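Okay, structure first, notes after.
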Amino acid sequence: MLLKGQSVLVLGVSSGIDAEVGLALAAAGAEIAINDHTGLEAAGRITSNIPSRGGETFAIEADV
């Protein structure tokens with residue numbers, strides 16, 4: 001896995017290309033912090049798909 005052991009912060013992943021980037025990073029083995037300023041529910045939709053792709057993840061809500 002290309003990104004095994006690497007940590008990544010992905011912003012605004014509730015839909016669109018950012019969501020696909022998050023899933024692709026997970027498939028490469030990255031540990032991913034998923035942020036969506038609209039709430040944890042939106043970020044949670046993506047984080048629930050990541051473990052099946054080989055990555056580790058958690059959701060945060062922050063206005064960055």
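No value in this document is a laboratory result; all are computed from the given coordinates. No experiment lies behind these values; they were computed from the predicted model shown. For neighbour counting, all protein chains shown are included, and Cβ atoms are generated from backbone atoms with ideal geometry for every residue, glycine included.
See the values below:
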item	result
Count - residues of the range 23-40 that are among the β-branched types (Val, Ile, Thr) and surrounded by fewer than 19 Cβ atoms within 10 Å (Cβ to Cβ)	1
Count of residues meeting criterion [part of a loop (DSSP other than H, G, I, E, B), more than 13 Å from Val8 (Cβ to Cβ) and in contact (Cβ under 8 Å) with a residue 12 or more places away in the chain] in the range 23-53	5
Candidate set from the range 1-22 (those that are assigned to a strand (DSSP E or B) and of a type in the set (Val, Ile, Thr)); member that is surrounded by the most Cβ atoms within 10 Å (Cβ to Cβ)	Val10
